[in-house]
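Worksheet: one structure, shown below.
The values are calculated or read from the model by the stated rules, or taken from the named source; none is laboratory data. Because the structure is a prediction, the values reported are computed rather than measured. Here the Cβ positions follow ideal geometry from the backbone for every residue, glycine too, while neighbour counts run over all protein chains shown.
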Amino acid sequence: MMTSLKPLAALAPAAMLAACATTADGPGGPGSGPGTCDADAASAYVGQKATGQIGTRILQDTGARQLRWGPPGAAFTMDFRQGRVNVMYDEAMTITDVTCG
């Protein structure tokens, strides 16, 4: 028995738009609530060794909810998450950049 995919095709555009929606995190709107990353707060870690302890401190200092390590040559998804901090490091395990998203 073959079913028609037309009803599903009609829902696809709505699903794509919903994936792009943002919500307000706090009184100031998007990006102002708890769990929003502030990369400037972790700029002092650039040049230090990438360790689990440093990662924990970066999470605390930036206010992010999630940490993503960026080893040399790694490929990343381009999805933006305001509650995620990205910590890039080189072959010597030295932190080269701290960004949000």
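Apart from one condition, T36 fits all of (1) surrounded by fewer than 17 Cβ atoms within 10 Å (Cβ to Cβ); (2) modelled with pLDDT under 95; the exception is (1).
Restricting attention to the range 56-96 and to residues that are part of a strand (DSSP E or B) and out of contact with any helix residue (DSSP H, G or I) (no Cβ under 9 Å at 6 or more places or on another chain), the residue that is surrounded by the most Cβ atoms within 10 Å (Cβ to Cβ) turns out to be Y89. Do we have G47 as free of Cβ contacts under 8 Å to residues at least 40 places away in the same chain and more than 11 Å from the chain's Cα centre (by Cα) here? Here the answer is no, as G47 does not meet what is asked.
Across the range 41-55, the number of residues qualifying as touching a strand residue (DSSP E or B) at 6+ places or on another chain (Cβ under 9 Å) and not in a helix (DSSP H, G or I) comes to 5.
Listed by first and then second residue, the pairs linking a residue in the range 69-90 that is within 23 Å of Q53 (Cα to Cα) and in contact (Cβ under 8 Å) with a residue 12 or more places away in the chain to a residue that is assigned to a loop (DSSP other than H, G, I, E, B) and basic (K, R), with Cβ atoms under 6 Å apart and 6 or more places separating them unless they lie on different chains, are G83/R65.
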